[in-house]
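Down below is the structure, laid out as structure tokens.
No value in this document is a laboratory result; all are computed from the given coordinates. Quick caveat, the model's predicted, so the values are computed rather than measured. Glycine gets a Cβ as well: all are built from the backbone with ideal geometry, and neighbour counts include every protein chain shown.
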Amino acid sequence: MSYPLNSLTNVTKNVERRFLILLDFFCPVLLIPKLMLQKMWRDNILWDREVEDNLKFEFIKWFEELISLKNLSVSRCFSPVISGQRNLSIHKFCDASQFTYAAAVFVRIEQG
């Protein structure tokens, strides 16, 4: 990433915004290896020990699927003012399992 250095404040806000957006996308991607590490920790597998074949294959499969992320494209609207707006609502979703949890919040704007 590259940023024009207009002012320290602008750079800080710009870097922070872009970094947080990237984190939004990488959290689900990093879930699988984190769960694998948790399993290895629970099973008392030391760092210098070989892991089970099923964990190896799971990691290799996850790693190979990372290639498809280069084709990911998500368009977003960051405009705080939209002319002719009719209805604005905030939606939130949460889910959890035995191993993890997630939440998402977004704003829906219906235009007239």
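Rounded to the nearest 0.05, what FRET efficiency do LYS34 and ARG108 give with R0 = 25 Å and r taken as the Cβ-Cβ distance? Could you check? Let's see the in-between values first.
Values: r = 31 Å, r/R0 = 1.22.
Taking R0 as 25 Å, the efficiency between LYS34 and ARG108 is 0.25.
Please find the FRET efficiency linking PHE93 to PHE26, where r is the Cβ-Cβ separation and R0 is fixed at 22 Å, and quote it to the nearest 0.05. Working shown, then result.
On the way: r = 19 Å, r/R0 = 0.85.
Given R0 = 22 Å and the Cβ-Cβ separation, E is 0.70.
How high is the FRET efficiency from LEU72 to ASP43, r the C-beta distance, R0 35 Å, rounded to 0.05?
The pair LEU72/ASP43 has a calculated efficiency of 0.60.
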